[in-house]
Every structure is written in structure tokens, then in C-alpha cells.
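What follows is a set of notes on a single structure, which appears directly below.
Bear in mind these aren't lab numbers, they're just calculated from the coordinates by the rules spelled out. All values reported here derive from a predicted model rather than from experimental measurement. Cβ sites come from the backbone with ideal geometry, for glycine too, and all protein chains shown count toward neighbours.
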Amino acid sequence: AQKITQTQPGMFVQEKEAVTLDCTYDTSDPSYGLFWYKQPSSGEMIFLIYQGSYDQQNATEGRYSLNFQKARKSANLVISASQLGDSAMYFCAMREGEKLVFGKGTKLTVNP
Amino acid sequence: GAVVSQHPSWVICKSGTSVKIECRSLDFQATTMFWYRQFPKQSLMLMATSNEGSKATYEQGVEKDKFLINHASLTLSTLTVTSAHPEDSSFYICSAGNSPGTKYEQYFGPGTRLTVT
């Protein structure tokens, strides 16, 4: 069974608008961490944001925020004021033991 | 922030030869390093977990005799693709573990693009 599910293979957004990338996860461990990474065409994995399972508040990092709904097991990434440079693949990941398990990714295209 | 380097960034080799990829943590000591493989338009798949001074732990389906991993020091892990074949062509990414339970759990290297002809 998939541990991390990203149901949107591709998303389009207009420059300066906000976009939400979906991620649901599956775990029975009460302690876990959720991550979002950006991968531009160069291939490097860029850390964006982290949410711990015990964190009381939703994580925010600049234009990135994580909409963490624990009961629904969802950890959606919200990018505000999209920029052309945000066009990339976005991966949601969950810590499982010492490993990271990745979703299949969402390709985001920001249109001018 | 912590930096992880990989060398080479890209390599082309002939079928049947071996290729070594280095992963270095430049400004911190990493007791654990991870090796991933990513095929075009797919996600990262963990190949193995490498702990300094001990044998690597391979994921199911990954041939340990084909993908040799050595973690000789706290700052260096190497992946050797032995007797490479065209199907081994892929993007290989390493990461170095830092502080478990925090957002800085894994720092990723820039990746190595391997093409086997």
C-alpha cells in the first residue's frame, strides 16, 4: 500500500496566485514527520517545509505553508503568490524509521 | 546550512564497465547516508542505507553485488555500479542524515546522472 499519495500529476497556476498541492499519508506510528521538497529540472532536491506529527501549529516557511489535517492524514502544501521560478516537481515525503518515503510527485507549472 | 556534494555530476560509461559515485558531507559528520535512484518522470526510490563502519542495508529488489556501497568515514560514502548496463542509466542522489526528528533530517546532494551506452 502506498504510504504517501499525491493525486495530482500536474498542476497549473497563474503567476501571483496561490496553489495547493495535495498529499495524503498512511501510518500507524504516532510519531512521524512530513516533508515537502522541490525538484527543479536541474535535479537537486530542495527542502521546503517540515511538519512534525506533534506540532500544534501548521508549519510555515515564507511563501510556503503546510495545511496539516491530522485526522484526515493530509499534509497539503500551499504556495502563495506563485512565481515563475516555482515551476518544478514537488514531492511530499514521510519519515518512516530513519528513511524517507516519497510520493510520486506533482509537476507544477506557473504561467505568466 | 549543511552541504552535501556528489561527484561526478554526470557520467557516461560503456556497458560492462564500473562507475563510482562519491557522496560527501562537507561541513558536518553524517553517521548515516542514503542512496536513491530516480528514473525519468518518477519519484525517488531508496536503494540503500549506509552507516559508517558497517555494511549497507539494501532495500528489497536492489542487488547488493551490483550496487556496492562503502561508508568509510563520517563524511564520505561511495556507490559503485558494477558491470553497468543500459538499464542502470538513471539519476542517482545521495543524502546525509543529520538530526533525526527535525526538519534537517536529510540533506541531499545535487545528484549524478549516469548514462550507460
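Using a Gaussian network for chain B with springs between C-alpha atoms less than 10 Å apart, which of these wobbles most: B:Ser18, B:Ser77, B:Ser89?
B:Ser18
Report the one residue of A:Val78, A:Ser42, B:Ala2 whose Cα lies farthest in the direction of the positive end of the charge dipole of the protein assembly as shown (charges on C-beta: Lys and Arg +1, Asp and Glu -1; origin at the Cα centre).
A:Ser42
Gain in length, A:Leu84 to A:Tyr54, computed as 0.36 nm per residue apart minus the alpha-carbon separation, to one decimal in nm?
Values: separation 30, 0.36 × 30 = 10.80 nm, distance 3.38 nm.
Taking 0.36 nm per residue and subtracting the Cα distance, the gain is 7.4 nm.
In whole Å, how far is the Cα centre of region B:14-91 from that of region A:59-112?
Between the Cα centres of region B:14-91 and region A:59-112 lies a distance of 26 Å.
What is the mean number of Cβ atoms from other protein chains located within 10 Å of the Cβ atom of each residue in peptide B:13-23, rounded to a whole number?
Values: counts 0, 0, 0, 0, 0, 0, 0, 0, 0, 0, 0.
Mean inter-chain Cβ contacts per residue within 10 Å come to 0.
Among A:Gln51, A:Gln69, A:Gln83, whose mean-square fluctuation peaks in a Gaussian network model of chain A (Cα, cutoff 10 Å)?
Looking only at A:Gln51, A:Gln69, A:Gln83, the biggest GNM fluctuation is shown by A:Gln69.
How high is the relative contact order of chain B, in percent, counting Cα pairs under 8 Å that sit 6 or more residues apart?
36
Connecting C-alpha atoms closer than 10 Å in a GNM of chain B, tell me which of B:Lys41, B:Lys64, B:Lys14 has the biggest fluctuation.
Looking only at B:Lys41, B:Lys64, B:Lys14, the largest GNM fluctuation is found for B:Lys41.
Straight distance only, please: which lysines reach the Cα of B:Lys14 with their own Cα at less than 25 Å, same-chain residues fewer than 8 apart left out?
Candidates past the 8-residue exclusion: B:Lys41, B:Lys64, B:Lys66.
Taking the highest mean first, how do the peptides B:19-28, B:65-74 order by number of other beta carbon atoms within 10 angstrom per residue? Walk me through the intermediate numbers first.
Working: B:19-28: 18.1, B:65-74: 15.9.
Descending packing order for the listed peptides: B:19-28, B:65-74.
Positive end of the dipole of chain B, charges at C-beta (+1 Lys, Arg; -1 Asp, Glu), about the Cα centre: which of B:Cys13, B:Tyr92, B:Gly53 has its Cα farthest in that direction?
Of the options given, the answer is B:Cys13.
Over chain A, what relative contact order in percent results from Cα pairs under 8 Å that are six or more residues apart?
Working: 269 pairs, mean separation 41.8, N = 112.
Relative contact order, chain A: 37 percent.
What is the local net charge at A:Lys16, summed over the other residues whose Cβ is closer than 14 Å to its Cβ (Lys, Arg +1; Asp, Glu -1)? List each step's numbers first, then the result.
Numbers: positive: A:Arg63; negative: A:Glu15, A:Glu17, A:Asp86.
So the environment of A:Lys16 carries a net charge of -2.
For A:Lys70, which lysines qualify as cross-link partners when the Cα separation must be under 24 Å and same-chain residues fewer than eight apart are set aside?
Reachable lysines: A:Lys3, A:Lys38, A:Lys99, A:Lys104, B:Lys103.
Looking at region A:21-112, which chymotrypsin sites (Phe, Trp or Tyr not before Pro) are DSSP coil and have at most 11 other C-beta atoms within 10 Å of their C-beta?
Working: sites: A:Tyr25, A:Tyr32, A:Phe35, A:Trp36, A:Tyr37, A:Phe47, A:Tyr50, A:Tyr54, A:Tyr64, A:Phe68, A:Tyr90, A:Phe91, A:Phe102; in loops: A:Tyr32, A:Tyr54.
Within region A:21-112, the qualifying chymotrypsin sites (Phe, Trp or Tyr not before Pro) (loop, at most 11 other Cβ atoms within 10 Å) are A:Tyr54.
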